[in-house]
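Engineer: Dumping the structure here so I can ask a few things about it.
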Amino acid sequence: QVQLVESGGGLVQAGGSLRLSCAASGRIFSMHAMGWFRQAQGKEREFVAAIAWSGDNTHYADSVKGRFTISRDNAKNTVYLQMNSLKPEDTAVYYCKAISQRATAYWGQGTQVTVSS
């Protein structure tokens, strides 16, 4: 199976930056894509960003486009989410998601991001 571990969350002031990491282990040779979702308190989990495992095709939610950047380091089996110009509305638990070539989904346990005003 595939194991995903997120890190890098924390408390920052509005306008600040954070970089989240998602380290993957296990049967990663079958990975198709990885991405980030977030879930604010009392809200539905929503898509944030995604990147193909091979190539550089990326997608972003409109709410984070221009502020967040997703990237991948294949040598470290790690996906990153660079978050700049953070806003209080970015406050949420951020979850890493991986999708295999057989369309199997794997989730990390999440990391808390809190942006103060």
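Engineer: Please report, in Å, the Rg and the Dmax of the chain, where both are computed over Cα atoms only.
Structural biologist: 13.5, 42
Engineer: Another question about this same structure. Would you please name the trypsin sites (Lys or Arg not before Pro) within segment 5-64 that are DSSP coil residues with at most 10 other C-beta atoms within 10 Å of their C-beta? Display every interim value, and only then the final one.
Structural biologist: On the way: sites: Arg19, Arg27, Arg38, Lys43, Arg45; in loops: Arg27, Lys43, Arg45.
Qualifying residues, ordered by number: Lys43.
Engineer: Show the residues, 5+ positions off or on another chain, whose built amide H is closer than 5 Å to the amide H of Val2.
Structural biologist: Arg27
Engineer: What is the spin-label model distance, in nm, from His32 to Ala52 if the labels are put 7 Å beyond Cα along the C-beta direction?
Structural biologist: 1.3 nm
Engineer: Alpha carbon centre of segment 13-44 versus segment 52-117: separation in Å?
Structural biologist: Cα centroid of segment 13-44 versus Cα centroid of segment 52-117: 4 Å apart.
Engineer: Continuing with this model, one more query. I want the local charge near Met31. Using Cβ-Cβ distances under 14 Å, sum +1 for each Lys or Arg and -1 for each Asp or Glu among the other residues.
Structural biologist: +4
Engineer: Here is a follow-up. For segment 8-117, what is the charge dipole size about the Cα centre, in debye to the nearest 20, if Lys and Arg each add +1 at the Cβ and Asp and Glu each add -1 at the Cβ?
Structural biologist: 200 debye
We did not get these values from a lab; they are worked out from the coordinates using the rules stated. Here the structure is a predicted model, which means the values were calculated and not measured. Please note: Cβ atoms are built from the backbone with ideal geometry, for glycine as well, and neighbour counts cover all protein chains shown.
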